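The values are calculated or read from the model by the stated rules, or taken from the named source; none is laboratory data. Computed from a prediction, not measured in an experiment: that's the story for all the values here. Cβ placement follows ideal geometry from the backbone for every residue including glycine, while neighbour counts extend to all protein chains displayed. Just so you know, the surface numbers come from the protein's heavy atoms only, side chains and all, with ligands and any DNA or RNA stripped out. Shrake-Rupley method; radii C 1.70, N 1.55, O 1.52, S 1.80 Å.
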Amino acid sequence: MAGIKETPHWSYIPPEAQPVTEWSGGQTRELYLAPAGTSYAERDFTLRLSSATVEVAESTFTHLPDYDRILMPLAGTIRLQHDGGRVRTLPPYATDSFAGGAATTSWGECRDFNVMLRRGSGYTARVEAVETHGQTVALPISGLDYIYAAQGGCQWQGVTKTHTMAEGGLLVLRRQGELHLQPQGRGGLLVHVSLRRTC
């Protein structure tokens, strides 16, 4: 995909390289899809990260029986119900993990962050929101991590130079250790996704 910068240990996907599509309730921005050459439409991918707007009062989620999902509102509060069960209210930065094959209905308008991970992939995903408050943050990196600049940009120090991640950009990390990110501006919100092997 045009615009991706890559090294053996990390790659950066800027906002202009992320496809945006319309759905019945708003827009979806596809931040990351793996492996290369797969597509959301064909349902042959292993991992998909996206951010969507929900602009209708009530919506029904796409049926994805081969996937486990995690959803986190970034702005706005929504309510979710799976297979007619208990309704759960999700304020900003709370997460809900659920089976993609569940009959899921949502109420409320929001901007959200989504993880779709193929069941049986050998990995589990963990998602957390990190508010920077204009201060440098140190994130533990487990070996396969994704950092999304949901609000505001930031910088990090590479081996030989300083790199910049624009608001809306996604950083993919393939190493272990600790990453220090310096936000640009007083506010800022990062979403950190970490994949861990299950076996």
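Brief remarks follow.
- The stretch 51-112, accessible surface, carbon-and-sulfur percent (1.4 angstrom probe): 48
- Solvent exposure of the stretch 58-199 as accessible area per residue, Å², 1.4 Å probe: 47
- For the stretch 7-101, the set of GluC sites (Glu not before Pro) satisfying both a DSSP loop assignment and a count of at most 12 other C-beta atoms within 10 Å is given as GLU42.
- Label-to-label distance, nm, for residues given as THR95 and HIS9 (7 Å Cα→Cβ offset): 2.5
- Paramagnetic reach from ALA166 (point 7 Å along Cα→Cβ, amide N under 18 Å) across the stretch 25-59: 29-32, 51
- The separation of the stretch 1-75 from the stretch 91-143, counted between C-alpha centres, amounts to 12 Å.
- Kirkwood radius for the stretch 33-84, taken over all pairs of different Cα atoms as the inverse mean of 1/r, rounds to 13.2 Å.
- Applying both filters, DSSP loop and at most 10 other Cβ atoms within 10 Å, to the trypsin sites (Lys or Arg not before Pro) of the stretch 111-181 gives LYS161.
- Prolate/oblate/rounded label for the stretch 40-199 (Cα gyration tensor, a/c 1.5): oblate
- Three-way shape call for the stretch 12-59 based on the alpha-carbon gyration tensor, with the a/c threshold at 1.5: oblate
- Approximating the spin labels as points 7 Å out from Cα along Cα→Cβ, the TRP107-to-GLU58 distance works out to 0.8 nm.
- Whole-number D in µm² s⁻¹ for the stretch 54-106, Kirkwood Cα-pair radius fed into Stokes-Einstein, 20 °C, 1.002 mPa s: 189
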